[in-house]
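The values are calculated or read from the model by the stated rules, or taken from the named source; none is laboratory data. Computed from a predicted model, the values in this text were never measured in an experiment. With ideal geometry, Cβ positions are generated from the backbone for all residues, glycine too; neighbour counts draw on all protein chains shown.
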Amino acid sequence: MIKLGIAGVCGKMGRRIFELACADRDFEVTLALERKGIPEIGKELGRLKISSSADGLFLVDVFIDFTSAEGSDTNLDYVVRYKKALILGTTGLNDAQLKKVEEVSRVVPVVFSPNMSIGVNVLFSMLPEMVKKLGPNYSIEIVEAHHKAKKDAPSGTAKKFGQILAETTGKEIPIHAIRLGDIVGDHTIIFCGNSERIEIKHQAHSRDLFAQGALKAAKWINGKSAGLYSMQDVLKEG
């Protein structure tokens with residue numbers, strides 16, 4: 001059984017990861033972590049008490065973090081201190097924080113992905129081949145939409161799509177970000193030629209697909225050697 005720690009457990013994403021992990025016999029949640037100062041600290045969540053102390057990482061095998069850039073930056077220090085495997089889904093990290101993730105991965109195994117959805121990661125792998133077959137006469141743009149509370153724009157997923165397409169085409173790809181209502185996550189890649197338009201769309205209906213992907217990654221990374229891995233690595237073997 002994998003002992004699991006979850007950061008941001010009172011948030012929408014963290015709570016769903018917690019609920020699905022508790023229903024999975026492969027996991028025992030041993031750390032429910034939240035930032036200091038929120039009123040839920042010390043309250044019971046299942047058989048655990050919500051903690052604000054990242055020193056609780058000594059209790060876990062794998063730690064899942066989908067919090068904020070600032071929160072994840074701090075948690076990286078504790079992951080190294082206690083030598084724990086990390087599943088990192090936080091977006092909006094700056095260059096210094098991204099470099100820190102790389103440094104941490106030299107000490108512990110890290111699965112880092114802007115999107116843990118299996119469907120999105122299949123698209124990541126398909127896009128280069130599609131671009132090559134369509135050829136240079138297609139213009140490409142990306143439109144992404146998320147809920148109005150999402151802080152980073154464009155999304156990490158849209159940036160990853162843009163990076164993959166830019167590396168394949170040699171051109172910068174325009175990205176348009178929309179923040180409205182309670183949209184979980186929509187991404188559309190538009191290929192436009194002279195006589196046709198192709199649209200590839202991924203829509204997240206709930207946060208479950210991200211939570212399920214994170215738990216799949218947690219099972220995969222347990223026992224792995226130090227290194228920086230992606231969901232592509234998880235899916236390749238899983």
If you take the residues of the range 212-233 that are of a type in the set (A, V, I, L, M, F, W, C) and modelled with pLDDT of 95 or more, which of them is farthest from Ser105 (Cα to Cα)? Leu215
The lone condition Glu28 fails out of (1) at pLDDT 90 or above; (2) in a loop (DSSP other than H, G, I, E, B); (3) within 19 Å of Ala211 (Cβ to Cβ) is (2)
So which residues in the range 159-176 are in contact (Cβ under 8 Å) with a residue 12 or more places away in the chain, hydrophobic (A, V, I, L, M, F, W, C) and farther than 18 Å from Gly89 by Cα, if there are any at all? Ile164, Leu165, Ile173, Ile175
From the list Thr67, Thr74, Thr30, pick out the single residue that is of a type in the set (Val, Ile, Thr) and in contact with a Ser or Thr (Cβ under 8 Å, 6 or more places away or on another chain). Thr67
Identify, please: which residue in the range 46-66 is touching a helix residue (DSSP H, G or I) at 6+ places or on another chain (Cβ under 7 Å) and of a type outside the set (D, E, K, R) and is, among those, surrounded by the most Cβ atoms within 10 Å (Cβ to Cβ)? Ile64
Going through the range 119-158 in order, the residues found to be without any contact (Cβ under 8 Å) to a residue 60 or more places away in the chain and of a type in the set (Lys, Arg) are Lys132, Lys133, Lys148, Lys150
Would you say Ala204 is modelled with pLDDT under 95, surrounded by 17 or more Cβ atoms within 10 Å (Cβ to Cβ) and small (Gly, Ala, Ser)? yes
When the range 187-199 is examined, which residues are found to be closer than 26 Å to Leu88 by Cα and surrounded by fewer than 18 Cβ atoms within 10 Å (Cβ to Cβ)? Thr188
Considering only residues that are touching a strand residue (DSSP E or B) at 6+ places or on another chain (Cβ under 6 Å), among the small types (Gly, Ala, Ser) and at pLDDT below 95, which ones fall in the range 139-185? Ala153, Ser155, Gly185
Please work out which residue is surrounded by the fewest Cβ atoms within 10 Å (Cβ to Cβ), limiting yourself to the range 73-106 and to residues that are among the acidic types (Asp, Glu) and touching a residue at least 24 places away in the same chain (Cβ under 8 Å). Glu102
Can you tell me which residue among Val143, Val234, Val131 is surrounded by 15 or more Cβ atoms within 10 Å (Cβ to Cβ), of a type in the set (Val, Ile, Thr) and under 30 Å from Phe27 (Cβ atoms)? Val234
Looking at the range 201-224, can you tell me whether even one residue there is closer than 18 Å to Pro154 by Cβ and either of a type in the set (Gly, Ala, Ser) or more than 20 Å from the chain's Cα centre (by Cα) (or both)? yes
